[in-house]
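As structure tokens, the structure follows; a few thoughts come after it.
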Ligand SMILES: [Ca+2]
Ligand SMILES: [Ca+2]
């Protein structure tokens, strides 16, 4: 009887646990966050452009090569990663404006905003062109946790 109760409780928990699993449970590089509406007025300054960004995260435990991977918006503006890797558990943020690339911060060098405040979709593709992840967002906030 007791075992049956435990079984019933476990059965009830399984769907809850499944729902609690992050969408990006698969060990790979995925889109973590898109900060699409740069804080304050969109003045177009480099500081404002760089406060608009997309962050990728390596959900795996091994280092992944990002060389040749691309990020693009719905209008097909494309950022291509130069020679770079991303350690397991690490993040890399791609800022819209210009700056000096580091292992965790890279720069699109776009003179205009990429991510539409009114809604857009971010696509992450591997070097071979296959889709690694995509993340759509609306206009209800400044950023989206994907
Ligand atoms: Ca924007
Ligand atoms: Ca803004």
field: Gain on full stretching of the segment that runs from residue 141 to residue 116 - 0.36 nm per residue minus C-alpha separation
entry: 7.8 nm
- prompt: In percent, what relative contact order does the stretch 23-145 have, based on Cα pairs under 8 Å that are 6 or more apart in sequence?
  reply: 29
message: Using a 10 Å cut-off around each Cβ, can you sort 96, 91, 130 from fewest to most neighbouring Cβ atoms?
response: 130, 91, 96
- prompt: If you build the Cα gyration tensor of the stretch 23-145 and take the root of 5 times each eigenvalue, what three semi-axes come out, in whole angstrom, biggest first?
  reply: 22, 16, 13
task: Estimate the FRET efficiency between residue 134 and residue 46 by the formula 1/(1 + (r/R0)^6), using the beta-carbon distance for r and 35 Å for R0, to the nearest 0.05.
output: 0.80
task: Only bridges with both residues in the stretch 23-145 count here: give the DSSP antiparallel percent, nearest 5.
output: 90
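Rule-based calculations on the coordinates, nothing more; no lab input. Here the structure is a predicted model, which means the values were calculated and not measured. All Cβ positions, glycine included, derive from the backbone under ideal geometry; neighbour counts span all protein chains shown.
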